[in-house]
Structures are given as structure tokens and as C-alpha cells.
1. Quick check: is even one residue across segment 221-232 touching a residue at least 12 places away in the same chain (Cβ under 8 Å) and within 20 Å of LYS275 (Cβ to Cβ)?
2. Taking segment 39-51 as the search range and keeping residues that are within 23 Å of the chain's Cα centre (by Cα) and among the acidic types (Asp, Glu), which one is nearest to ligand 2 (Cβ to nearest atom)?
3. In segment 233-279, which residues are among the hydrophobic types (A, V, I, L, M, F, W, C) and closer than 23 Å to PRO375 by Cβ?
4. Exactly one of (1) in contact (Cβ under 8 Å) with a residue 24 or more places away in the chain; (2) surrounded by fewer than 21 Cβ atoms within 10 Å (Cβ to Cβ) is unmet by THR258. Its number?
5. Among the residues in segment 111-130, are any within 16 Å of ligand 2 (Cβ to nearest atom), touching a residue at least 40 places away in the same chain (Cβ under 8 Å) and either in a loop (DSSP other than H, G, I, E, B) or surrounded by fewer than 16 Cβ atoms within 10 Å (Cβ to Cβ) (or both)?
6. Mind listing whichever residues of segment 254-263 are among the aliphatic types (A, V, I, L, M) and either under 14 Å from the mean Cα position of the chain (by Cα) or over 16 Å from ALA382 (Cα atoms) (or both)?
7. Quickly run through segment 206-225 and pick out the residues that are surrounded by fewer than 16 Cβ atoms within 10 Å (Cβ to Cβ) and either charged (D, E, K, R) or more than 25 Å from ARG177 (Cα to Cα) (or both).
8. Suppose the filter is within 19 Å of ASN124 (Cβ to Cβ) and part of a helix (DSSP H, G or I); does ALA66 pass it?
Amino acid sequence: MQDTPRGLRLHIGLFGRRNVGKSSLINALTGQNVSIVSDIPGTTTDPVEKPIEMAPIGPVLFVDTAGIDDDGALGGERVRRTETILERVDLALLVVGPDGFGPFEARLTETLRARSTTTLVVINKSDLGAPTPALLEAAKAAGRETLTVSAQTGAGLDVLKQTIARLAPEARLEEPRLVGDLVPAGELAVLVVPIDLGAPKGRLILPQIQVIREILDSDAMCMVVKERELPDALLRLGRPPKLVICDSQVVLKAAADTPPQIPLTTFSILMARFKGDLNRLAAGAAAIERLRPGDRVLIGETCGHHPLADDIGRVKIPRWLNQYVGGGLITDVAAGKDFPDDLSPYSLIIQCGGCTVTRRHMLARLDRAGSQGVPMTNYGVAISLLQGVLPRALGCFPAALTAFERARGVGQ
Ligand SMILES: Nc1nc2c(ncn2[C@@H]2O[C@H](COP(=O)(O)OP(=O)(O)OP(=O)(O)O)[C@@H](O)[C@H]2O)c(=O)[nH]1
Ligand SMILES: [Mg+2]
């Protein structure tokens, strides 16, 4: 895995009416033929993503979208898909043509403003004539800054790139640290990584790599062992580690093998804090204790991986949940970027770690669940609860533990 993961790239989305030149602009900005361009409105039907290195920002992900002024059933579905992209971009380029602003741009602007997304208005096709004062006025009201460009001649594109670079730090949602604050310089963490059939061939998975990297960045140390070697590894150490971090699936054994005075958590709980909001996800886990046969649970996956025979989200978690509840649960899976708008049929949502998506995307899901009153947790928090060790695994996050205990109390 040499490439920067998508979830760590600045997401830049291009939005606007059909035919304004969004795809042309993405091609001009990336210097590549990323997206199909034509003079027929509605050329881009599905979001197109292009990861590139953009000096001086670094790794970014451009997302081209379908024009959002469509009518009719097909248009409706496209509009919906484009709007889900709105939720997860850090920076929005609202592209308009010479004929300027209409109700569609107004609606886009409103949504972007409600989400506090940094928005640049890009007036394209400047080669056809200078924008009118009325258009400039409307653009000023809609975005943080307005730029006039021509994707065709390249005019204004350098300034646009510089503006994107300047606004990138403001646009990016700050991520809390993954682990560095828990393992200070000079300290040691022991990582417990099972190598089972589910482990990818010849490599470690993203959260494990990210944890190792951040520990090294903190000038701390780590020791990586499989679950069977953990007791021996701990015995060999002259002084106890600052933290034991294990895969959720071996949390029961790791908790039993780690002396209680040594803090223990899971990779998945670290990801819950990094990508989402651990306090809300911990509170959401309390809903597991209230599940009854016949209830419906939504499993949210973000990466759309090929499911394994004993897949964690599709097989193991539903099985453990059913054992916990006494059977009869209905579980649905929302794979990839699709996540239902209407969450009301669900008593609980269990979301994967989200290592391939941005923090903004995870928070948007949490907000959607929260606004519909549906509790949401993640795989790792749920597994630790089902194994009966959640309070232990949340030991180094007192606020999350309190949120969990409080949510438990409310439900009783
Ligand atoms: N004159 C001029 N034409 C442009 C410019 N940028 C794009 N076009 C043309 O405008 C038409 C639409 O361009 P696209 O890039 O496909 O527009 P889009 O916004 O992606 O359109 P949809 O995918 O349908 O939403 C094409 O014929 C382009 O060649 C520009 O700067 N100047
Ligand atoms: Mg297009």
C-alpha cells in the first residue's frame, strides 16, 4: 500500500448545473483526462473520483459530480447521489457558467453553508465574455471567494490552484490524534495483531499501519505480536507498556492476558475516535443491550470490499448480536458509499471503522442517525460490548465511558 489512503486526502468536490464545465475543469486542474466532456448536458452521470498529488497541498481527491439541475426520476436519483457527495467534501467548487446563478445554485449554496463547507465559486467559460456585475454579486454572496477561469484556455487556473492550496488548511476538518497522545515519547505500546484467514496476504491493514506510523512519529516504541504471544511478550518486558492495543476480534483473550493495571484498547476504538466521535459511538453501543428479537439493525460498510466467508460485518457481528439477543434480529448491510436517507426502520446502526473515508463523512453519518434518533456505534465498540469488556477497552477514554454509562442508564 504505497498510496496515501483516500480517507486521509483533502476531498475537493465540483458541483454545479449541467454543462457548466465541471468535468473540463477537473481535467484541466489535474492535467489528465479524468472525466468525459461533451456539449450534451448530463454527460457525467455518476461521481468520478481522481486521487492526485497537488503541489503544495499534497494528496487530494477530486470528485466530479453529475449536474444537479436534472428533473425526472433518473435526474432525481442523480441529484441524490450528488448530494451525498456534498456531505463528504472538505472543499466545494461551485462551478457556474456565464448565465450564472439560478435556484439550483441557491439550493447548493444553502446546503454547503448549512454544512459549513468551505466553498469557492468558480465562474467558468471566461473566454466567452467577462462575467456580468450581477453574476459577480451573486457569486460573492454564495462563496468564500470567487474566481473567473476558462477550462478551455487555461486562464485563471493557476490562481485557482493557489487559492485551493491557501484554503486547504481551513477547509480540512481537523482530525484528533489516533494514538500519539496515549503513548508519549519514550514509552512502549504492545500491538496485538491476529494473523488469521481474514488477514490480507503479505501485509497489515490500514488502522494497524497508521497506529505504528503515529507511534513512530511520537518518538515512542511499539512491539507487534499475535494474540498467542501476548502473555510471553508482557513477561519479557522490564517495565509494563503504556498501552496494549488489540484487534477487536481477540479483545476477550487480550483483556484476560493483560494485567488490569495496564490500559488496553482496540484498533477499532482508536479509529472510532480518529474518524468519528467516540463519545457518541460509545453511547450508541448501549442500544445493543436494549435490542429485542424482531428488531432491525443496519450494518454500515464504507469500503465495499469483497466479503469473506466469515466476514466481520456480514457474518460475525450479526451472529454475535443474535446470540446476545436470543435470535430473531434482522440485519441489513449498506455497502460502499450508499447509506439510506431514511434510518427510521432501524433500532441500531453499526458502522465499520471507516478507514477509507474522511472524518467529515463519518460525522455526517453520525449526524444523520442522530437527527433521526437512531443510535449508532461502530464494529469495534460493539464487539467489545458483546464480549463483555467494553468498560475495560474504554478505560483510557473516560468521557466515552461516561457517555456509555449514561446512555445505558437512560435506556433502563
Ligand atoms: N468556451 C468554453 N467552453 C467550455 C469551457 N469549459 C467547458 N466547456 C465546454 O462546455 C461543455 C460542457 O463541458 P463539461 O465539462 O462536460 O460540463 P459538465 O459541467 O461536466 O457537464 P455535465 O457532466 O453534463 O454536468 C463542453 O462542450 C465543453 O467543451 C470553457 O472554459 N470555455
Ligand atoms: Mg461532467
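The values are calculated or read from the model by the stated rules, or taken from the named source; none is laboratory data. These numbers come from a predicted model, not from an experiment. We place every Cβ from the backbone using ideal geometry, glycine too, and count neighbours over all the protein chains shown.
1. If we filter segment 221-232 for residues that are touching a residue at least 12 places away in the same chain (Cβ under 8 Å), which is where we start, we get 221-227, 230-231.
With within 20 Å of LYS275 (Cβ to Cβ) added as a condition, the list becomes none.
The answer is no; no qualifying residue exists.
2. ASP46
3. Kept after step one, since they are among the hydrophobic types (A, V, I, L, M, F, W, C), are these residues of segment 233-279: 233-235, 237, 243-246, 250-252, 254-256, 262, 264, 267, 269-272, 274, 278.
VAL251, PHE267, ILE269, LEU270, MET271, ALA272, PHE274, LEU278 - these are the residues of segment 233-279 that are among the hydrophobic types (A, V, I, L, M, F, W, C) and closer than 23 Å to PRO375 by Cβ.
4. Result: THR258 passes all but (2).
5. Our first condition is that a residue be within 16 Å of ligand 2 (Cβ to nearest atom); within segment 111-130, this holds for 122, 124-125.
Subsequent filtering for residues that are touching a residue at least 40 places away in the same chain (Cβ under 8 Å) retains 122, 124-125.
Within this subset, residues satisfying the condition of being either in a loop (DSSP other than H, G, I, E, B) or surrounded by fewer than 16 Cβ atoms within 10 Å (Cβ to Cβ) (or both) are 124-125.
Taking every residue of segment 111-130 in turn, at least one turns out to be within 16 Å of ligand 2 (Cβ to nearest atom), touching a residue at least 40 places away in the same chain (Cβ under 8 Å) and either in a loop (DSSP other than H, G, I, E, B) or surrounded by fewer than 16 Cβ atoms within 10 Å (Cβ to Cβ) (or both).
6. Here is the first cut: in segment 254-263, the residues among the aliphatic types (A, V, I, L, M) are 254-256, 262.
Once the filter is applied, which keeps residues that are among the aliphatic types (A, V, I, L, M) and either under 14 Å from the mean Cα position of the chain (by Cα) or over 16 Å from ALA382 (Cα atoms) (or both), segment 254-263 yields ALA254, ALA256, ILE262.
7. Of everything in segment 206-225, those that are surrounded by fewer than 16 Cβ atoms within 10 Å (Cβ to Cβ) and either charged (D, E, K, R) or more than 25 Å from ARG177 (Cα to Cα) (or both) turn out to be ARG213, ASP217, ASP219.
8. Values: within 19 Å of ASN124 (Cβ to Cβ): yes; part of a helix (DSSP H, G or I): no.
It is false that ALA66 is within 19 Å of ASN124 (Cβ to Cβ) and part of a helix (DSSP H, G or I).
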